[in-house]
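Report on one structure; see the data block that follows.
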Amino acid sequence: MAEPALEAQALRKDFGSKTAVRDLTLSVPRGEVFGFLGPNGAGKTTSIKMLLGLVHPTSGGGKLLGEAIGRTRARARVGYLPEHFAFHEWLQGRELLRFHGRLLGLGGSSLEAGIEGLLRRVKLLEAGDQCLREYSKGMKQRIGLAQALLGEPDLVFLDEPTSGLDPLGRLLVRDVIRDLKARGTTVFLNSHLLSEVEVTCDRVAFVKSGRVVREMTLGAAERDLEVELRLDRVSPAVLEALARFGRDVREEDGRIRLRVDGEERLPEMSRWLAAQGIGLYHLAARRRSLEDVFLEVVG
Amino acid sequence: MRAVLTIAHLTLAEARRRRILAAALLLGGAFVLLFGVGFHFIARDIRTHGSPAQQRFMMSFVVMAALYASNFLIVMTSVLVTVDTLAGEIGSGVIETLCTKPVPRWAVALGKWLGCWTILALYATLLCGGVLLVARLVGGYTPPNAALGLPLLLLEGTVLLTLALLGGTRLSTLANGVTVFGLYGLAFVGGWMEQIGTLASNTTARYIGIGASLLVPSESLWQLASHHMQPPIVRDMGIGPFSPVSVPSPAMVGWAVGYVLVTLAVALRLFRTRDL
């Protein structure tokens, strides 16, 4: 089995008496688009910085593409877009990419061709010779994204990549992530825009108080359904009996709500109700949104 | 090494693009020009008065005054060019994308040191070289041991530049500037205490001064340079404000070189071990 793109084992970071990351244990397989979610102050950015060697862990360890974190070689095939991308504003867009490309050990015509391709990809081809201080917020974010993609990395960290972007910019980021996935690049995505995460990520981890509290695959099969029923009669015995099909059975506003772990539960439930002689007037099921799960896990 | 040169190149490009280099070179040129015009008229007067020895003393005095001003400007520039190079980029977050590239952190810091040092060397060469050239062309005077004195002035700037890089690994830009100028002030006062202590035969004051020079060997390098760049008769008689009574030991040069190397090594280590 191929080595994971990213591994973290019991990573911890204390800043004085404050613990920013308590116990980060994660494994992200190669080629996966992985969402790293949590409320503000949960330790997401510190976690990313530890993985990238910017922050030294108090304890624990990890690997990026098979190399121990903190080592220079671990970053050889890694791209990074920080949450607040800052750069030398006196540079032009093309110059910024050329400079970062050289730090990656790139050069010559292949670097120039790569820069042109990336500028085109982030729709900044026309603005390539413009000074970065003249860029709008969205343009700065897009040039930062291009910087993270230099040299076709195998693993890309995107910390709030849609920050400051308009809907078209967000769409562009989504397309870029899809392209990366198609190319087999692993993406580690930290975003507050759960709708973005929902459509781009294969799997997510929820972080709370510096610890991963839940990991979840975003495939349809593994997500709960929220079911709503309207019956001709409701009694405590019926509610108790429905618990066999799911959990969190409750009566609200004359309707019964419960959560089931798969679609196959729905016909089972309706057959059982019919067998009991209970009239079923309404049955609706919707997949729980990532926001619902987020609120439940970290709320 | 390639990464060091890339960062050094960026540091130079930044100085050029942000007009730091233009301001330094333009005003440095203006300084040399002003000195040249003033020296032209002063030299014309000097040539009509006194014996050749007196004329030589006067020429030396004026050139040393210009070199003293150059020395001060070199000190200021070495600190101002370097004070923000790490501290500013750490504060703004610019450093994050640099340090996540497959480049060791020491290479980033060393590249910045090299870039700043190149600016300092250009500036020092312009000022001191300009002063010497003007003195030669206008007054027909060249201070003795200029080939020894000028590298000492560059070494003095290098000491402060390296201290500013060291401070930048842990302090904010302003705190770094205040600290390095404060250290320069200690060395300056220490240097004068050493001179006055020697003149007044006060061993305690002299030793305090020497201690300050060991702590920051900038002023003692200037004194050593000024001692060597004056005519032997002037320096031996201790005439004028540029002739140190207590001449720093030549070992101070070795101390300063070692000081720069150790300070630079500590700076690279502190930068490597800090969180960004």
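What follows is calculated from the coordinates using simple rules that are stated; it is not laboratory data. Just so it is clear, the model here is predicted, and its values are computed rather than measured. So basically every Cβ, Gly included, is an ideal-geometry build from the backbone, and we count neighbours across all protein chains shown.
Charges at C-beta only: +1 for Lys and Arg, -1 for Asp and Glu. How large is the resulting dipole of chain A about its Cα centre, in Debye rounded to 20?
Details: 45 positive and 42 negative charges, 124 e Å.
Magnitude of the dipole: close to 600 debye.
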Worksheet item: What do you get for Rg/Rh over segment A:245-299 if you use C-alpha atoms and the Kirkwood form of Rh?
Response: 1.02
Worksheet item: Rounded to the nearest 0.05, what FRET efficiency do A:H192 and B:T142 have when you use their Cβ-Cβ distance and R0 = 56 Å?
Response: 0.25
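How large is Rg over Rh for segment A:6-218, taking Rg from the Cα atoms and Rh as the Kirkwood inverse mean of 1/r across Cα pairs?
0.96
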Worksheet entry | Cα pair count fraction exceeding 18 Å, expressed as % - segment B:1-130 | 61
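If you take the Cα Rg of the protein assembly as shown and divide it by 2.2 N^0.38 Å, with N the number of residues, what do you get?
1.38
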Response to the item:
Within the under-9-Å Cβ sphere about A:L172, not counting A:L172, Lys/Arg +1 and Asp/Glu -1 give a net charge of +4
Worksheet item: Within 10 Å of each Cβ of A:87-99, how many other protein chain Cβ atoms are there on average?
Response: 3
Worksheet item: Radius of gyration and Dmax for segment A:1-85's Cα atoms, expressed in Å?
Response: 12.5, 40
Item to complete: Just add up the charged neighbours of B:A15: K/R +1, D/E -1, any other residue whose Cβ is under 13 Å from the Cβ of B:A15.
Response: +3
Fill in: Cα-based convex hull, segment A:102-253, per residue volume (Å³, whole number)
188
Worksheet item: Which is farthest toward the positive dipole end of the protein assembly as shown among B:T158, B:V37, A:L51, measuring Cα position about the Cα centre, with Cβ charges +1 (Lys, Arg) and -1 (Asp, Glu)?
Response: B:V37
Discussion item. Whole angstrom only: what separates the Cα centroid of segment B:1-53 from the Cα centroid of segment B:102-135?
Written reply: 13
Worksheet item: For B:T273 and B:A251 in the same chain, what is the full-extension length gain: residue separation times 0.36 nm, less their Cα-Cα distance, in nm?
Response: 4.7 nm
Item to complete: Compute the distribution of all C-alpha to C-alpha distances in segment B:224-276, in bins of 5 Å from 0, and list the percent of pairs in each, rounded to whole numbers.
Response: 4, 18, 18, 11, 11, 10, 8, 7, 6, 4, 2, 0
Fill in: Two-site FRET efficiency, A:R203 against B:F72, from Cβ-Cβ distance with R₀ of 51 Å, rounded to 0.05
0.25
Worksheet item: Helix B:20-46: angle to the longest alpha-carbon principal axis of chain B, degrees 0 to 90, nearest 10?
Response: 0
Item to complete: Normalise the Debye intensity by I(0) for segment B:144-276, one equal point scatterer per Cα, no solvent, then take log10 at q = 0.11 Å⁻¹ and round to two decimals.
Response: -0.42
Response to the item:
If every Lys and Arg gets +1 and every Asp and Glu gets -1 at its Cβ, then about the Cα centre segment B:1-121 yields a dipole, in debye to the nearest 20, of 260
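Give the Rg/Rh ratio for segment B:191-260, taking Rg as the radius of gyration of the Cα atoms and Rh as the Kirkwood radius, to two decimals.
Details: Rg = 11.7 Å, Rh = 12.1 Å.
Ratio value, two decimals: 0.97.
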Worksheet, complete the sentence: Given a Förster distance of 51 Å, the FRET efficiency implied by the Cβ-Cβ spacing of A:R286 and A:K123, rounded to the nearest 0.05, works out to 0.90
Practice prompt. Hey, could you grab the Kirkwood Rh for segment A:177-299? Inverse mean 1/r over distinct alpha carbon pairs, Å, one decimal.
Written response: 16.6
Fill in: Whole-Å distance, taken between Cα centres, linking segment B:199-276 and segment B:157-191
15
Worksheet item: If you look for lysine pairs in chain A that are eight or more places apart or on different chains, how many of them have Cα atoms under 28 Å apart?
Response: 26
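Please give me the summed charge of the neighbours of A:R257: other residues whose Cβ is under 13 Å from its Cβ, Lys and Arg +1, Asp and Glu -1.
-1
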Worksheet, complete the sentence: The alpha-carbon pair-distance distribution computed for segment B:83-188, with 10 angstrom bins and whole-percent values, is 14, 35, 28, 16, 7, 1
Worksheet item: What Rg and what Dmax come out for segment B:2-273 when only alpha-carbon atoms are used, in angstroms?
Response: 20.0, 67
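How would you rank A:I256, B:I233, B:I208, going from fewest to most other Cβ atoms within 10 Å of each one's own Cβ?
So the ranking, lowest neighbour count to highest, is B:I233, B:I208, A:I256.
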Worksheet item: Given the convex hull over the Cα atoms of segment A:190-234, what projected area results after averaging over all orientations, in nm²?
Response: 5.3
Worksheet, complete the sentence: About its Cα centre, segment B:2-273 carries a charge dipole, from +1 on Lys and Arg Cβ atoms and -1 on Asp and Glu Cβ atoms, whose size in debye to the nearest 20 is 560
Item to complete: Take B:F31, A:F157 and order them by how many other Cβ atoms sit within 10 Å, fewest up front.
Response: B:F31, A:F157
Worksheet, complete the sentence: For A:F245, other-chain or 5+-apart residues with amide H closer than 5 Å (H placed, Pro excluded) are none
Worksheet item: Against the longest alpha carbon principal axis of chain B, how many degrees, from 0 to 90 and to the nearest 10, is the axis of helix B:218-228 turned?
Response: 30
Discussion item. Compute the helix-to-body angle for A:108-121: its Cα long axis versus the longest principal axis of chain A, expressed 0 to 90° and rounded to tens.
Written reply: 40
Worksheet item: So which trypsin sites (Lys or Arg not before Pro) in segment A:221-299 pass both tests, a DSSP loop state and at most 16 other Cβ atoms within 10 Å of the Cβ?
Response: A:R233, A:R244, A:R288
Worksheet item: Got the relative contact order for chain B handy, in percent, Cα pairs under 8 Å and 6 or more residues apart?
Response: 24
Fill in: Considering only the protein assembly as shown, percent of DSSP beta bridges that pair antiparallel, nearest 5
65
Worksheet entry | Scattering profile of segment B:1-75 at q = 0.11, 0.19, 0.28 Å⁻¹ [log10 I(q)/I(0), Debye over alpha-carbon scatterers] | -0.48, -0.85, -1.17
